[in-house]
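The values are calculated or read from the model by the stated rules, or taken from the named source; none is laboratory data. If you're wondering where the values come from, they're calculated on a predicted model, not measured in any experiment. All Cβ positions, glycine included, derive from the backbone under ideal geometry; neighbour counts span all protein chains shown. Only protein heavy atoms, including side chains, enter the accessible area calculation; ligands, DNA and RNA are left aside. Shrake-Rupley method; radii C 1.70, N 1.55, O 1.52, S 1.80 Å.
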Amino acid sequence: AISRPSQGNISHEALAGINASLIQWGNPANPSLLHSMLSQFHIFTPAGASLTILEVHPLLLPYGHFSLRIAWLNFSTSFFISFISLGLLIYASIKEESADKTLFLVWSLVMLMAVLGQRRFSYYYAINAALLTGYFSWRILDFAGLKELLVKPKEAVKAYITKAERKKKKKAKAKAKARQKTFLQPRTTWIRVIVAGIAIFFLVFFPNIGKAKALAGGPPLIDQEWYSSLLWLKDNSPEPFGDPDFYYELYETPFDYPETAYGVMSWWDYGYWIMRISHRIPNANPAQTSPPAARFFVAQDEDSANQMLNELGSKYVVIDYRMPTTKFYAMPICAGSSQDEFYETYYLPTQDSKLEPITLFYPAYYRSMVSRLYNFNGKAVVPKETLVISYQLNEKGAPYKEITGSWSFSTYEEAEAYISNQESRNYRIVGPNCLATSVPLKELEHYELAYQSDAEVTVADKRVPSVKIFRYIR
């Protein structure tokens with residue numbers, strides 16, 4: 001709404017122009033407005049590279065198929081109870097035409113849509129789930145008779161009333177007293193309320209006691225291996241700004257970085273850890289997009305990788321065992337390619353005519369920087385053997401690749417020559433072990449292993465350090 005100008009300094013023509021603009025902007029048929037409004041709902045349907053982020057996955061489709069596991073881990077019974085409460089609220093809002101219940105209902109439905117679209121909105125919907133569970137609990141207790149137990153007789157209002165009104169009042173009070181016996185009501189009401197309270201305890205509170213204790217006692221937000229490694233980085237790397245106290249100082253933006261400043265390359269999941277514990281500048285963090293880091297870790301040659309680090313001003317690379325294993329799938333996608341260029345799942349026939357899934361790694365995986373650094377410490381490696389498989393594509397139902405043959409060669413060149421002499425294109429050089437390359441690798445000349453954690457983990461049946469830090473030498 002436009003208020004009347006107090007000084008009359010807005011002309012009728014100006015007001016007409018403003019009104020026309022408002023009408024045009026508020027017109028639902030306005031394509032630009034409609035597009036702007038609809039674009040805000042993309043948050044409920046994440047796709048593409050954003051799905052490589054675990055917390056962006058849909059709550060009920062965490063791994064591409066329907067599952068209640070994440071919903072149960074986040075909310076336990078309150079998630080399911082909240083749907084019952086939403087039904088009760090819808091009924092109450094329609095029947096009572098209650099503004100407060102309608103507001104609560106709309107708010108809860110919007111938050112429910114958000115959490116179903118992306119599981120990270122669980123911390124918003126947790127408030128609604130708690131309130132909805134409380135509302136459900138109260139309705140159960142109310143149905144059992146608790147409200148009647150708590151209501152006390154009203155005191156008579158001393159005022160002038162007619163004889164007929166007084167008589168009517170007495171009858172109403174007599175009926176009320178018959179129903180309202182305060183805390184001396186029949187035992188059956190107490191029994192119903194107690195049974196309802198016990199049911200609510202086991203339905204609402206009991207499933208969450210163990211979860212609350214586990215959450216209060218750990219696990220820590222950062223594992224000890226990362227914490228120790230980043231403390232080492234803090235104590236054994238140059239100060240980016242020359243003064244350790246710079247981390248705690250205020251500064252104005254835009255900020256001119258000094259010549260001594262440098263970055264630390266790692267996957268974006270760990271950016272805040274690097275910043276908070278090491279007091280160093282991460283090249284990627286969870287608030288940024290990850291293509292620069294992704295392109296570096298999947299780079300196929302040292303020269304292109306070095307160029308990226310030079311442009312980013314990096315001096316160290318921090319890698320943990322998850323990055324070349326469970327987190328690797330996200331790197332090709334964020335870099336604009338596909339994980340199928342680096343590894344795929346094949347199916348191997350067994351003696352009992354079943355198909356066993358097996359992950360096989362392609363040469364591009366072994367040549368990637370994350371593999372050459374973490375898996376092989378940047379050293380030159382000559383494979384003991386190179387494996388070649390043939391396969392057929394089965395397109396019945398969900399397509400899959402079935403292995404039809406395999407051959408082992410003493411050198412990579414012999415394997416390549418064998419494939420080049422085949423008429424079919426369904427032959428690939430592969431490796432079944434991420435820590436045993438099937439292709440020869442040159443030594444990385446500009447990377448030095450500076451630190452590795454004492455704690456070890458098991459990867460491909462081998463004990464390896466949890467975290468490694470490499471120094472980049474220009």
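Scoring 188-201, 356-369 by mean Cβ neighbours within 10 Å over their residues and listing the highest first yields 356-369, 188-201. Take the Cβ atoms of L449 and N310, set R0 to 30 Å, and the FRET efficiency comes out at 0.90.
Projected label points at S420 and K168, each 7 Å from Cα along the beta carbon direction, are separated by 10.6 nanometres.
Remark on A284: its backbone amide H falls under 5 Å from those of S266, a criterion applied only to residues 5 or more positions apart or on other chains, H modelled at 1.01 Å from N. Taken over the Cα atoms of the range 230-307, the convex hull encloses 121 Å³ per residue. Subtracting the Cα-Cα distance of A214 and F80 from 0.36 nm times their residue separation leaves 46.1 nm of extension gain.
Stretched out straight at 0.36 nm per residue, the stretch from T260 to R276 would grow longer than its current Cα-Cα span by 3.8 nm.
Modelled this way, with points 7 Å down the Cα-to-C-beta line, the labels at S408 and L68 are 4.8 nm from one another. Distance between the pseudo-spin-label points of W190 and S390 (7 Å out from Cα toward the beta carbon): 8.5 nm.
Given R₀ = 45 Å, FRET efficiency for Q351-L60 by Cβ-Cβ distance, to 0.05?
That pair, Q351 with L60, gives E of 0.70.
Which whole-number percent is the relative contact order of the range 328-409 (Cα, under 8 Å, 6+ apart)? Relative contact order, the range 328-409: 24 percent. Per-residue Karplus couplings for the range 321-338, computed as 6.51 cos²θ - 1.76 cosθ + 1.60 with θ equal to phi - 60°, are listed in order as 5, 6, 5, x, 10, 6, 9, 5, 4, 6, 5, x, 5, 5, 7, x, 10, 9 Hz, Gly and Pro entered as x.
Residue-wise HN-Hα couplings along the range 413-420, as the Karplus relation 6.51 cos²θ - 1.76 cosθ + 1.60 with θ = phi - 60° gives them from phi, are 5, 5, 5, 4, 4, 4, 5, 5 Hz; Gly and Pro carry x.
Sorted on the mean count of surrounding Cβ atoms within 10 Å across their residues, most packed first, peptides 326-337, 420-431, 390-401 read 326-337, 420-431, 390-401.
Can you give the FRET efficiency to the nearest 0.05 for S338 and R139, using r as the Cβ-Cβ distance and R₀ = 60 Å?
Approximately 0.75, to the nearest 0.05.
What order, most packed first, do the peptides 434-445, 89-100 have when packing is the mean number of other Cβ atoms within 10 Å of each residue?
On the way: 434-445: 18.0, 89-100: 12.9.
Ranking, from highest mean packing down: 434-445, 89-100.
For the range 375-455, carbon and sulfur atoms together expose 46% of the accessible surface, with a 1.4 angstrom probe and every protein chain in place. For the residue pairs K354/K396; K401/K442; K354/K462, alpha carbon separations beyond 25 Å are given by K401/K442; K354/K462.
Computed 3J(HN,Hα) for the range 231-247, one whole-Hz value per residue from the Karplus formula 6.51 cos²θ - 1.76 cosθ + 1.60 where θ = phi - 60°, is 5, 4, 4, 4, 8, 10, 10, x, 5, x, 10, x, 10, x, 6, 4, 4, glycine and proline marked x. Between amide H atoms placed 1.01 Å from N, distances below 5 Å from T404 occur with S390, Y391, Q392, all of them 5 or more places distant or on a separate chain.
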